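The values are calculated or read from the model by the stated rules, or taken from the named source; none is laboratory data. Predicted model only: the values in this text are computed from it and were never measured. The protein model used for the area step is the full one, side chains on, heavy atoms only, and it has no ligands, DNA or RNA in it. Shrake-Rupley method; radii C 1.70, N 1.55, O 1.52, S 1.80 Å.
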Amino acid sequence: MKKTFKLTHPTITPERLIESIKRDVNKYVKRERNKKLPDNVDFWDFNCSFGHTEDDTTDIHLKEIGKYIDKAAEQKLESFYLKILVKAGIRNKKTQPDTPL
């Protein structure tokens, strides 16, 4: 998902727009997570970027998207850019430390 979201609308309040944007993001993530995993892949991971424009983005974690959307609304921005790309994730096994009993 690469999209510029607008936070202004002539008839819809900004609070409802924010709820709608968050709902769209959650629906996209859920849809992507439900896709069949390829062989040798443990889970779907996401690369996320957020910025005022497409050229001015910073990498963020998936769980921080809601906070950044709220910050954009507090700053009364007219729009913001959000990019969420899916990638295959492989779990790394933790090694047990060698401790004698």
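Quick look at the numbers
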read-out: Nearest-ten-degree value, helix 65-74 long axis tilted from longest Cα axis of the chain; value: 20
read-out: Rounded accessible area per residue of the chain, 1.4 Å, Å²; value: 79
read-out: Rounded tilt (10° steps) of 14-33 against the dominant C-alpha axis of the chain; value: 30
read-out: Value of D in µm² per second that Stokes-Einstein yields for the stretch 1-66, Kirkwood Rh from Cα pairs, at 37 °C (0.692 mPa s); value: 236
read-out: Of all accessible heavy-atom area on the chain, the percent that carbon and sulfur account for (1.4 Å); value: 48
